[in-house]
């Protein structure tokens, strides 16, 4: 079993994160962690790939959703450069499904905005990522990772509400390791 997120904190108050010269508000009880997005089927992530915050959204009916302007400004990718896998409607808004993987940065235990020196975990998303076109009216402020993406990778999610900590692990490799 490999740790992807370990004792990642979430807060009962408003906090903020910085990205691309912007200060973004994180509402209370939002589980936020950091990822990179890259073309699919890469064996390794380029160390210079930009990191961006995402919200774990258990109600999202897709793998991963991001606005077109966030994809280009924060992730450094342009939708036209990624193959289209299909189309979807999320929260009533149309979105293109683009062929990309999400790489999750392993946090330092107990810290949200600090990472281990380990390689990020590649979350291969069979149906790709949903990208909302510019100006979509009902789109989230930050990118969202849904449970479908975690389920596809067969990850184990644990949320401890007594300590406001989240852990995300790969499945155990051997049954006898408990």
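Read-outs: derived from the displayed coordinates by stated rules, not from any lab. Model, not experiment: these values are computed from the prediction. Quick reminder, even Gly has a Cβ in these numbers, built from the backbone with ideal geometry, and neighbours come from all protein chains shown.
For this structure, a couple of remarks:
- Ranked 131, 17, criterion: other C-beta atoms within 10 Å, fewest first: 17, 131
- Distance from the stretch 27-66 to the stretch 1-20 (C-alpha centre basis), Å: 12
- Neighbour counting of Cβ atoms within 10 Å sorts the residues 7, 27, fewest neighbours leading, into 27, 7.
- Highest to lowest packing among 122-130, 146-154, 48-56, scored as the average C-beta count within 10 Å: 122-130, 48-56, 146-154
- Within the chain, DSSP assigns beta bridges of which about 85% are antiparallel (rounded to the nearest 5).
- Neighbour counts of other Cβ atoms within 10 Å put 161, 10, 64, 33 in the fewest-to-most order 161, 10, 33, 64.
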